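Peer 1: Next up is a structure, given as structure tokens.
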Amino acid sequence: MSAVIVVHGGAWAIPDELAKVSVDGVKAAVHKGFAVLQRANSALDAVESAVRALEDNAVFNAGHGAALNTNGEVELDAIIMDGKTLACGAVSSVKNIANPVSLARAVMEKTDHIMLTDSGANLFAESIGMATVPTDTLVTNYERKEWEKHKNYVTGVMENFNSRWAHDTVGAVAVDCSGNVACATSTGGIRNKMVGRVGDSPIIGCGGYADNFSGAVSCTGHGESILRVTLARRILSHIEQGKSVAEASDMSLQYMGERVRGAGGVIVVSPTGEWASTCTTERMAWAAVDNSVLYYGLEPNEKLKEQLS
Ligand code: GLY
């Protein structure tokens, strides 16, 4: 079977001035992840590499470019999961770390735990010699200005994630040629969140899940809604009951809209390489590589295509 990778740059009302850079960013990240997938035949390495590229790109709300909490500070969350073993690592509320997805992977591989938070995560990063950066270097002028303008969390979310105030999360899912799936998700969270608030992204089964028996999912959108419906696991449960990847994604996002009035987006891949990218927000930048074809989109239901050389 051929390997597949899908990435997203967050589901929200992406303004026109960020449309092109968002699409360019997800295309660049999927190229990076796909190169790793081809070279290493490892879905896990591929999703980490793609998410690192998105964290390094200040256009996206993860790593550099993270949204600020109510105190104007950065608090980052991330998860990574290996569908072969169900090994998982996550971090929440970390500062000073440019690539939280790699810290999450280190939690998975070098500790007996699944999640480390706040100063404990930072102490662990120090103990393994992971480079730290001054947190201010993760903050963009764009985010500082938006934070100064919009200081109300509830109003931003009430506008159904369809306002310019939100700014959400990155992620990747992949299946390698051996049929192993993996997912990774990373975020700065929602602007003006309370200090210490943790959203869906680092929570296993909510912001992401990967299982070789059903598939891999990375979610984006209103964290409190995604948590309430355990969105990633919900999608995989539908797949386990025989739904296609696209049907399971649509049904689950629709359920989240109806049950808790939440909007978001998901990318999903199955162990056989079936994949989908779906959102209920105004826009979500995403890209995929499948069988030497690059697919990408921004508007709901948009699926553009380019042949890879
Ligand atoms: N979906 C990201 C968050 O709510 O924090």
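The values are calculated or read from the model by the stated rules, or taken from the named source; none is laboratory data. Remember, it's a predicted structure, so these values are computed and weren't measured experimentally. Note that we place each Cβ from the backbone using ideal geometry, even for glycine, and neighbour counts take in every protein chain shown. For the accessible areas, the whole protein counts, side chains as well, though only heavy atoms, and no ligand, DNA or RNA atoms are used. Shrake-Rupley method; radii C 1.70, N 1.55, O 1.52, S 1.80 Å.
For (1) polar (S, T, N, Q); (2) at pLDDT 95 or above, each residue gets a yes or a no:
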| site | (1), (2) |
| --- | --- |
| His64 | no, yes |
| Leu68 | no, no |
| Thr111 | yes, yes |
| Thr117 | yes, yes |
| Ala121 | no, yes |
| Phe124 | no, yes |
| Lys145 | no, no |
| Phe161 | no, no |
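Peer 1: Moving on to the next point. Looking at (1) closer than 30 Å to Lys149 by Cβ; (2) touching a strand residue (DSSP E or B) at 6+ places or on another chain (Cβ under 6 Å); (3) surrounded by fewer than 23 Cβ atoms within 10 Å (Cβ to Cβ), which one does Ile204 not meet, given that it meets all the others?
Peer 2: Exception for Ile204: condition (1).
Peer 1: Considering each of Glu48, Glu55 in turn, give the residue that is more than 16 Å from the ligand (Cβ to nearest atom), touching a Ser or Thr at 6+ places or on another chain (Cβ under 7 Å) and part of a helix (DSSP H, G or I). Steps first, please.
Peer 2: Details: Glu55 fails: more than 16 Å from the ligand (Cβ to nearest atom).
Selected residue: Glu48, the only one of Glu48, Glu55 that is more than 16 Å from the ligand (Cβ to nearest atom), touching a Ser or Thr at 6+ places or on another chain (Cβ under 7 Å) and part of a helix (DSSP H, G or I).
Peer 1: Only one residue in Gly83, Gly120 is in contact (Cβ under 8 Å) with a residue 24 or more places away in the chain and small (Gly, Ala, Ser). Which one?
Peer 2: Sole residue among the options that is in contact (Cβ under 8 Å) with a residue 24 or more places away in the chain and small (Gly, Ala, Ser): Gly83.
Peer 1: Here is a follow-up. With the condition kept exactly as written, say whether any residue in the stretch 148-159 is open to solvent by less than 50 Å² (accessible area, probe 1.4 Å), touching a strand residue (DSSP E or B) at 6+ places or on another chain (Cβ under 8 Å) and either more than 30 Å from Gly273 (Cβ to Cβ) or modelled with pLDDT of 95 or more (or both).
Peer 2: no
Peer 1: Take the conditions touching a residue at least 12 places away in the same chain (Cβ under 8 Å) and either in contact with a Gly (Cβ under 6 Å, 6 or more places away or on another chain) or crowded, with 24+ Cβ neighbours inside 10 Å (or both) and apply them to Leu138. Does it pass?
Peer 2: No.
Peer 1: Output the qualifying pairs, or none if there are none: Cβ atoms under 6 angstrom, residues six or more apart or on different chains, first residue in the stretch 251-275 and over 16 Å from Gly207 (Cα atoms), second residue open to solvent by 10 Å² or more (accessible area, probe 1.4 Å).
Peer 2: Met251/His238; Gly257/Thr280; Val260/Arg228; Pro271/Gly179; Pro271/Asn212; Gly273/Met1
Peer 1: As an exercise: evaluate Ile114 against (1) surrounded by 22 or more Cβ atoms within 10 Å (Cβ to Cβ); (2) in contact with a strand residue (DSSP E or B) (Cβ under 6 Å, 6 or more places away or on another chain) and give the number of the one condition it does not meet.
Peer 2: (1)
Peer 1: While we're here: List every residue pair whose Cβ atoms lie under 9 Å apart, where the two residues are 6 or more positions apart in sequence or sit on different chains, the first residue falls within the stretch 192-213 and is near the ligand (Cβ under 10 Å from one of its atoms), and the second residue, located anywhere, is assigned to a loop (DSSP other than H, G, I, E, B) and basic (Lys, Arg).
Peer 2: These pairs meet every condition: Gly199/Lys193.
Peer 1: I'd like to check something: does the stretch 86-97 contain any residue that is among the β-branched types (Val, Ile, Thr), surrounded by fewer than 21 Cβ atoms within 10 Å (Cβ to Cβ) and more than 22 Å from Val269 (Cβ to Cβ)?
Peer 2: Checked the stretch 86-97: no residue is among the β-branched types (Val, Ile, Thr), surrounded by fewer than 21 Cβ atoms within 10 Å (Cβ to Cβ) and more than 22 Å from Val269 (Cβ to Cβ).
Peer 1: Among the residues of the stretch 63-77, write down those that are of a type in the set (Gly, Ala, Ser) and either away from the ligand (no atom under 11 Å from the Cβ) or surrounded by fewer than 24 Cβ atoms within 10 Å (Cβ to Cβ) (or both).
Peer 2: Gly63, Gly65, Gly72
Peer 1: Taking Gly25 as the residue in question, decide whether it is open to solvent by less than 30 Å² (accessible area, probe 1.4 Å), part of a helix (DSSP H, G or I) and out of contact with any helix residue (DSSP H, G or I) (no Cβ under 6 Å at 6 or more places or on another chain).
Peer 2: On the way: open to solvent by less than 30 Å² (accessible area, probe 1.4 Å): yes; part of a helix (DSSP H, G or I): yes; out of contact with any helix residue (DSSP H, G or I) (no Cβ under 6 Å at 6 or more places or on another chain): yes.
For Gly25, the condition - open to solvent by less than 30 Å² (accessible area, probe 1.4 Å), part of a helix (DSSP H, G or I) and out of contact with any helix residue (DSSP H, G or I) (no Cβ under 6 Å at 6 or more places or on another chain) - is met.
Peer 1: Closer than 25 Å to Ile114 by Cα and either in a helix (DSSP H, G or I) or modelled with pLDDT under 95 (or both), is that true of Val198?
Peer 2: No, not satisfied.
Here is a yes/no grid of residues against (1) within 28 Å of Pro134 (Cα to Cα); (2) surrounded by fewer than 23 Cβ atoms within 10 Å (Cβ to Cβ); (3) not basic (Lys, Arg):
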{"site": "Ala3", "(1), (2), (3)": "no, no, yes"}
{"site": "Gly9", "(1), (2), (3)": "yes, no, yes"}
{"site": "Pro15", "(1), (2), (3)": "no, yes, yes"}
{"site": "Gln38", "(1), (2), (3)": "no, yes, yes"}
{"site": "Ala46", "(1), (2), (3)": "yes, no, yes"}
{"site": "Arg52", "(1), (2), (3)": "yes, no, no"}
{"site": "Ile79", "(1), (2), (3)": "yes, no, yes"}
{"site": "Gly83", "(1), (2), (3)": "no, no, yes"}
